[in-house]
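What follows is a short report on a single structure.
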Amino acid sequence: MAAAAISNRQLFIDGEWRKPILGKRIPVINPATEESIGDIPAATAEDVELAVEAARRALTRNKGKDWSRAPGAVRAKYLRAIAAKITEKKSDLAKLESLDCGKPLDEAAWDMDDVAGCFEYYADLAEALDGKQRSQVSLPMETFKCHILREPIGVVGLITPWYLSELLDTFSLVFDSHAWLMTLGIATTVGNFCMLMSFWFTTFSHKLGVACANWNYPLLMAAWKVAPALAAGCTAILKPSELSSMTCLELAAVCEEVGIPAGVLNVLTGLGPEAGAPLASHPHVDKIAFTGSTDTGRKIMTAAAQVVKPVTLELGGKSPIIVFDDVEIDKAFANIFWLNGDCWIISNKKLLNGHFLGAFGQMVRSAVQHLAFWCIIDACCLKLYMPRPFQDPIKDSDSTEENISGEFLRKLVIWAQNIKVSDPFEEGCRLGPVISEGQYEKIKKIISTAKSQGATILYGGGRPQHLGKGYFVEPTIITDVETSMQIWREEVFGPVLCVKTFKTEEEAIELANDTHYGLGGAVISKDPERCNRISEEIQAGIVWINCSQPCFCQAPWGGNKRSGFGRELGEWGLDNYLSIKQVTEYVSDDPWGWYQSPSKL
């Protein structure tokens, strides 16, 4: 199925499969083997024009009664039909996802469940939308009545990242080291000091998506934007990443199978500058939704500003988790990495499947292995702060603090060594390749630069010895990192952990907020007042208390500062694609207005 899907799919425009006007195609490379497995069509501005025209026709066809002005219950039937088809094709879609972006097959299968769950959820909201139409607004004057109409915003462009360095996020962890180390049974007189870890998420093996799909969760991220857009009554043009487009083309095939009206969903694969840019700047596209890097987000904003169209941006991040000394180590890990069920929650499912690792390993897996989607738990640059600079954490030392550092890092290395890096289709795979040769070379360069600047590569840093080809990178642990280093402050998009130290809660919070980003964060403690206090201190759009990474389709998702603006998921995700219209009626027989009728003069 996968090979046929790769070679036979064209652009999906106006309910039909069409060859690109210029006839261009892009090779699809399996990142695990470096071999070409087919190609996808490469849309250009000419194809974008056709797709926009088709979407506008679908929006107004039959005076909108076919889609945009149809009852929400009608659109809900289509969304549920899509969900059912996704479930039916789960196995094939998962295989295609793994071939395309390199994520472990088991995880790709979990993603398909969540894709179906997303469409089911927004089907419910589409139905509920009918009951919210003409909702009354209380006014201070009885001579007026007011109601609200919720209307689709129009034609929307859903765009994936344009460049290799798209879609990243960061995650930080702050621990009370005293509690941590006492739990490990290590004698210490250090007192209250903290460790802070930061995970850069996004993955190359997986890639966060934009409704616009991404590298780590291409179809899942597409569902995040496509489902609410269609539920609202919009028509859409989906432009997935050229590095992970295959399952998004299959989504178009699913829409064709369930009979969605022509032009309601159009899917254009291709390069960002050739297809994404014309879509973002098109004057007849009413809104753009984008998930990706901050730099590309700026370009999207600039293009949209030329015609004053709204945008929703979910960009990079650097998100802290703060753990205090009143939490047992095992419970702290369990809360930080909730690994018991399906791969991240899109409806009511659990975040990651990780019972194969212990508490310590769960942390390492989320930091190093899963490296993926969650703009908040996957890509990975782990920042670990400890009391003072340690010299050689692997060797014995007379310093208590250094012994603590050494014990912690020894365990970290052991778990990193036991993460299975392999072809995504191999049994037990927990870390696949990064998305492309370009990303692979970028990661190697960043690691090399850090080493040249004085950082120590404690473990990893290169290709796994047992893998002669494929874009594989070993889980990498780096110490002696300065906060000014590129590897500390910038996106890595690779399985890299950086280690550093600090002392107090106040300093931990300051370090956690010392970033241009503000996507997510978490606090782990038995003290509810402390949790609430710290949650207010974290400068982020999402804060978890005594957990991390649970993502519910019902709850808003999005960041502050340079992590973007607007919220996805939940009712907020639907609101992104709705325009609010006020309708006010004068209901008195008395004349109103400032000027008196000439007949009364």
Note to self: For a quick check: sort K225, K239, K451 by the number of other beta carbons within 10 angstrom, fewest at the front.
What the structure shows: K451, K225, K239
Notebook entry, point to check: Which FRET efficiency value, to the nearest 0.05, do you get for H284 and Q465 by plugging their Cβ-Cβ distance into 1/(1 + (r/R0)^6) with R0 = 51 Å?
Noted result: 0.40
Check: Within a Cβ distance under 13 Å of R69, other residues only, what is the Lys/Arg minus Asp/Glu net charge?
Finding: +3
Next item on the list: Please work out how much length the chain gains when fully extended from N532 to C146, using 0.36 nm per residue of separation minus the C-alpha to C-alpha distance, in nm with one decimal.
Entry: 135.1 nm
Next item on the list: Note down the net charge around P283, summing +1 for each Lys or Arg and -1 for each Asp or Glu among other residues with Cβ under 12 Å from its Cβ.
Entry: 0
Check: In nm, to one decimal, how far is the R298 label point from the Q417 one, both placed 7 Å along Cα→Cβ?
Finding: 4.4 nm
Item checked: Modelled label reach - E427, point 7 Å along Cα→Cβ, the stretch 101-120 residues with backbone N closer than 16 Å -> 105-106
Checklist line | Cβ-Cβ FRET estimate between R57 and A253, R0 fixed at 22 Å, reported to 0.05 | finding: 0.55
Item checked: Full-extension gain in nm, E507 to A128, via 0.36 nm per residue minus C-alpha separation -> 131.8 nm
Margin query: Along the Cα→Cβ direction, 7 angstrom out, place labels at V137 and A305. What is the inter-label distance in nm?
Written below: 2.9 nm
Next item on the list: Beta carbons within 10 angstrom, averaged per residue: use that to sort the peptides 273-285, 521-533, highest first.
Entry: 273-285, 521-533
Next item on the list: Between K581 and D326, with labels modelled 7 Å along Cα→Cβ, what's the label distance in nm to one decimal, could you check?
Entry: 5.3 nm
Check: Rounded to the nearest 0.05, what FRET efficiency is calculated for Q486 and R69 with R0 set to 51 Å and r the Cβ-Cβ distance?
Finding: 0.50
Next item on the list: Using 0.36 nm per residue of separation minus the Cα-Cα distance, give me the extension gain between T33 and T449 in nm, one decimal.
Entry: 147.1 nm
Item checked: Most to least packed among 585-596, 102-113, 416-427, 49-60 [average Cβ atoms within 10 Å] -> 102-113, 49-60, 416-427, 585-596
Next item on the list: Compute the Cα gyration tensor for the stretch 216-289, then decide on rounded, prolate or oblate, letting a ≥ b ≥ c be the square roots of its eigenvalues: rounded whenever a/c is under 1.5, prolate when a/b is larger than b/c in the other cases, and oblate in all that remain.
Entry: oblate
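Given K526/K561; K103/K445; K90/K469; K103/K225; K420/K445, which pairs have Cα atoms separated by over 26 Å?
Values: K526/K561 29 Å; K103/K445 23 Å; K90/K469 29 Å; K103/K225 21 Å; K420/K445 24 Å.
Going by Cα-Cα distance, K526/K561; K90/K469 fall outside the 26 Å limit.
Read-outs throughout are calculated quantities, based only on the coordinates presented, and are distinct from any laboratory measurement. Treat the numbers as computed from the prediction; the structure is a model and nothing was measured. Reconstructed Cβ throughout: ideal geometry from the backbone, glycine too, with neighbour counts over all protein chains shown.
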